[in-house]
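Visitor: Sharing a structure here in structure tokens format.
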Amino acid sequence: MTWMPQLVALFAVASFLLYQFLWSAKAQQRRRMRQAPAVRIAQTEHGKLTRIVGTVEALGEPATVLTAPFTQRPCVYYLSTVSIAAGRNGWREVAREDRAQDFKLRDESGVAYVVLGGASIDVAQDFHDTSGAFEAPNDTQREFLAKHRLAPTTTILEVNNSYSYRECVLEIGARVTVLGDVRHEPCDDNEGLDAPGQYRASAKKLRVMIVAPAGAKVAVSDSSSLTR
């Protein structure tokens with residue numbers, strides 16, 4: 001039965017794809033977010049678990065941003081990985097770096113401040129590059145390898161090692177959705193919502209904050225099925 005190995009391989013691939021679609025952490029997070037209808041920022045309620053959709057902006061005056069290592073894109077989150085060729089075993093991850101910072105999310109009704117605090121971030125991996133025997137790492141790749149103490153070449157023949165570089169980034173200006181608990185805090189800046197009567201003794205505006213729910217994390221996704 002010469003077709004048996006191919007059938008087993010096909011079944012394994014199908015099982016992996018089904019798992020990714022139905023039961024992976026990313027799939028479960030997207031289903032949880034989909035169950036919460038999106039609300040305009042101006043309509044958020046203090047203390048309520050809420051999902052909002054908007055455009056990412058940097059915090060701070062002047063604004064401060066992260067820079068993704070491989071693509072040099074300004075962002076508020078990145079995940080960059082390097083894998084090395086491992087023969088018949090394919091690729092083996094040898095370096096991983098991720099950074100995140102709080103950001104503002106703007107929609108047509110107002111601005112919310114997103115406090116990540118270890119958030120669960122689902123962002124599409126949209127960069128992939130390789131280096132190897134016939135193509136040396138570029139400057140940004142070489143800098144990343146050095147930072148993580150990875151040799152660009154073999155120690156014996158000085159041949160370029162075969163590396164695979166991947167990166168996902170939450171860019172400034174990206175459209176995303178965020179799920180978390182809403183906090184309304186008195187403030188004096190122009191981006192706050194108009195405060196109802198009970199707050200006006202201390203402030204005329206309310207800052208909308210999205211924070212982690214008790215026992216859970218803020219969830220962030222750039223999936224187009226959730227940001228339409």
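Visitor: Can you pull out the residues in the range 199-215 that are modelled with pLDDT under 75 and among the basic types (K, R)? First the steps, then the outcome.
Guide: The initial filter retains those residues of the range 199-215 that are modelled with pLDDT under 75, namely 199-203.
Scanning the range 199-215 gives a single hit, R200.
Visitor: Checking E61 against (1) loosely packed, with under 15 Cβ neighbours inside 10 Å; (2) within 17 Å of the chain's Cα centre (by Cα), which single condition isn't satisfied?
Guide: Among (1) loosely packed, with under 15 Cβ neighbours inside 10 Å; (2) within 17 Å of the chain's Cα centre (by Cα), the lone unmet condition for E61 is (2).
Visitor: Check off (1) surrounded by 15 or more Cβ atoms within 10 Å (Cβ to Cβ); (2) closer than 28 Å to A38 by Cα for F127 and give me the number that stays unchecked.
Guide: (2) is the only condition that F127 fails.
Visitor: May I pose another question? How about the range 47-56: which of its residues are surrounded by 18 or more Cβ atoms within 10 Å (Cβ to Cβ) and within 11 Å of K104 (Cβ to Cβ)?
Guide: Residues satisfying the conditions are G54, V56.
Let's see how each residue does on (1) of a type outside the set (V, I, T); (2) over 30 Å from E185 (Cβ atoms); (3) surrounded by fewer than 17 Cβ atoms within 10 Å (Cβ to Cβ):
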{"site": "R73", "(1), (2), (3)": "yes, yes, no"}
{"site": "Y78", "(1), (2), (3)": "yes, no, no"}
{"site": "A85", "(1), (2), (3)": "yes, yes, yes"}
{"site": "R92", "(1), (2), (3)": "yes, yes, yes"}
{"site": "R96", "(1), (2), (3)": "yes, yes, yes"}
{"site": "R99", "(1), (2), (3)": "yes, no, yes"}
{"site": "F103", "(1), (2), (3)": "yes, no, no"}
{"site": "S109", "(1), (2), (3)": "yes, no, yes"}
{"site": "Y113", "(1), (2), (3)": "yes, no, no"}
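Visitor: Within the range 73-108, track down each residue that is at pLDDT 95 or above and of a type in the set (G, A, S).
Guide: Selection gives S80, S83, A95, A100.
Visitor: Additional query: I'd like the full set of residues that are of a type in the set (V, I, T) and not in a loop (DSSP other than H, G, I, E, B), limited to the range 35-80. Working first, answer last.
Guide: Our first condition is that a residue be of a type in the set (V, I, T); within the range 35-80, this holds for 39, 41, 44, 50, 52-53, 55-56, 64-65, 67, 71, 76.
Selection gives I41, T50, I52, V53, T55, V56, T67, V76.
Visitor: Of the conditions (1) buried (at least 19 other Cβ atoms within 10 Å of the Cβ); (2) modelled with pLDDT under 90, V218 fails just one. Which one is it?
Guide: Exception for V218: condition (2).
The values are calculated or read from the model by the stated rules, or taken from the named source; none is laboratory data. Note that the structure is a prediction, hence the values are computed from the model and not measured. Note: ideal-geometry Cβ built from the backbone for every residue, glycine included; neighbour counts use all protein chains shown.
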